[in-house]
Amino acid sequence: MSLPPILSSLRIPVIGAPLFIVSTPKLVIAQCTAGIVGSFPALNARPASQLDEWLHEITEALADWDRDHPESPAAPFAVNQIVHRSNDRFEHDMDVCSKWKVPIVITSLGARVELNEAVHSWGGITLHDVIDDRFARKAVEKGADGVIAVAAGAGGHAGRWSPFALIQEIRQWFDGPLILSGAIATGGAVLAATVAGADLAYIGSPFIATDEARASDEYKQGIVAGSASEIIYTDLFTGVHGNYLRPSIVAAGLDPDNLERSDPSTMKFGADGSKAKAWRDIWGSGQGIGVIDRVRPAAEYIDMLAKQYEDAKARICA
């Protein structure tokens with residue numbers, strides 16, 4: 001297993017997952033300057049013209065950090081692109097990413113050869129979200145540099161497979177960058193992911209409970225107060241199965257134990273509309289939030305992860 005140079009010098013082997021609505025330049029910059037990959041969905045920038053402003057802000061902030069902190073340069077950042085055909089901003093957003101030569105592009109809900117070729121043309125790499133081995137193979141066949149294995153327990157659009165099953169199957173044939181997503185919230189879990197065969201861990205939900213996250217105070221406190229038992233797995237809200245906090249579903253006037261089924265054809269990305277309200281009111285979350293005890297700065301949480309990671313390695317060596 002070998003990592004491209006862009007991923008080989010992180011403080012700890014972690015990528016901050018792109019959080020729909022929640023991730024903005026403020027959070028991305030905090031993650032990168034603390035030593036992990038920070039990321040955001042392109043669709044978080046609304047209107048579409050804001051994406052150029054955000055990439056300018058992030059690029060300048062990280063360059064300033066590197067100038068002032070040559071001993072601890074910032075980690076690279078990533079932009080998440082929804083490749084699903086309903087994303088009517090896809091071409092525009094890719095053009096903006098090309099302008100700023102985004103170092104890492106994370107793709108979801110579809111794999112395209114032309115996207116991978118475009119990112120490679122400006123020197124970037126692509127990582128693709130998958131929920132099973134079949135999709136992993138398709139992504140690599142179409143030119144993705146790495147695979148993000150979204151296992152059971154992950155926040156947002158999550159799979160059903162155990163992380164052990166998913167990593168084992170992919171590692172039988174793929175020796176490139178493999179990132180594991182699913183209920184990872186401590187430094188010990190980060191180490192466990194790498195021991196199991198992943199190169200890096202993908203952490204999302206804990207960053208909702210940070211000062212820099214663009215989430216309501218109620219959402220942040222829901223993460224702090226929540227636990228795995230309060231996560232509901234449903235396809236109702238987007239047409240694709242995902243994990244959500246039970247209290248937010250109840251607050252929306254729905255019965256979490258009797259939710260209707262949805263249809264993947266109802267997915268709609270890119271346009272402003274009723275879905276935005278659903279995403280604001282229904283809170284996505286993974287199963288790992290039971291260890292999140294308070295809202296804190298992102299850098300403080302990453303410091304804690306780093307210490308836990310080193311402590312876990314020391315325990316193993318002992």
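The values are calculated or read from the model by the stated rules, or taken from the named source; none is laboratory data. Just so we're clear, the structure is a prediction, and the values are computed from it rather than from any experiment. Every residue, glycine among them, receives a Cβ derived from its backbone with ideal geometry; neighbour counts consider all protein chains shown.
Annotations for the structure displayed:
- Residues of the range 282-297 that are in a loop (DSSP other than H, G, I, E, B) and either without any contact (Cβ under 8 Å) to a residue 40 or more places away in the chain or of a type in the set (A, V, I, L, M) (or both): 282, 292, 295.
- Residue 155 being in the same structural domain as residue 202 (by TED's automatic domain parsing), under 17 Å from the mean Cα position of the chain (by Cα) and surrounded by 15 or more Cβ atoms within 10 Å (Cβ to Cβ): yes
- Number of the condition not met by residue 248 [criteria: (1) out of contact with any Ser or Thr (no Cβ under 9 Å at 6 or more places or on another chain); (2) not assigned by TED's automatic domain parsing to the domain that holds residue 303]: (1)
- Selection within the range 168-179: residues that are of a type in the set (A, V, I, L, M, F, W, C) and crowded, with 20+ Cβ neighbours inside 10 Å. The member of this set that is nearest to residue 219 (Cα to Cα) is 179.
- For residue 164: the one exception among (1) within 29 Å of residue 115 (Cα to Cα); (2) in contact with a helix residue (DSSP H, G or I) (Cβ under 9 Å, 6 or more places away or on another chain); (3) assigned to a helix (DSSP H, G or I): (1)
- Members of the range 109-137 found to be charged (D, E, K, R) and either out of contact with any His (no Cβ under 9 Å at 6 or more places or on another chain) or on the phi > 0 side of the Ramachandran plot (or both), listed by number: 112, 114, 117, 132, 133, 134, 137
- Between 174, 207, the distinction of being of a type in the set (Phe, Trp, Tyr), at pLDDT 95 or above and either under 20 Å from residue 281 (Cα atoms) or in contact with a Pro (Cβ under 7 Å, 6 or more places away or on another chain) (or both) belongs to 207 only.
- Residue in the range 185-202 that is under 18 Å from the mean Cα position of the chain (by Cα), more than 16 Å from residue 290 (Cβ to Cβ), among the acidic types (Asp, Glu) and assigned to a loop (DSSP other than H, G, I, E, B) present: yes
- Condition met for residue 64 (surrounded by fewer than 21 Cβ atoms within 10 Å (Cβ to Cβ), charged (D, E, K, R) and farther than 21 Å from residue 120 by Cβ): yes
Yes or no, residue by residue, for (1) hydroxyl-bearing (Ser, Thr, Tyr); (2) touching a Leu at 6+ places or on another chain (Cβ under 7 Å); (3) not assigned by TED's automatic domain parsing to the domain that holds residue 63:
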{"residue": "3", "(1), (2), (3)": "no, no, yes"}
{"residue": "31", "(1), (2), (3)": "no, no, no"}
{"residue": "36", "(1), (2), (3)": "no, yes, no"}
{"residue": "39", "(1), (2), (3)": "yes, no, no"}
{"residue": "42", "(1), (2), (3)": "no, yes, no"}
{"residue": "48", "(1), (2), (3)": "no, no, no"}
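Conditions (1) at pLDDT 95 or above; (2) within 21 Å of residue 43 (Cα to Cα), marked per residue:
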residue: 218; (1), (2): yes, no
residue: 248; (1), (2): no, no
residue: 253; (1), (2): no, no
residue: 256; (1), (2): no, no
residue: 260; (1), (2): no, no
residue: 265; (1), (2): no, yes
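- Annotation: residue 223 fulfils all but one of (1) in a loop (DSSP other than H, G, I, E, B); (2) within 16 Å of residue 19 (Cβ to Cβ); (3) not polar (S, T, N, Q); the unmet one is (1).
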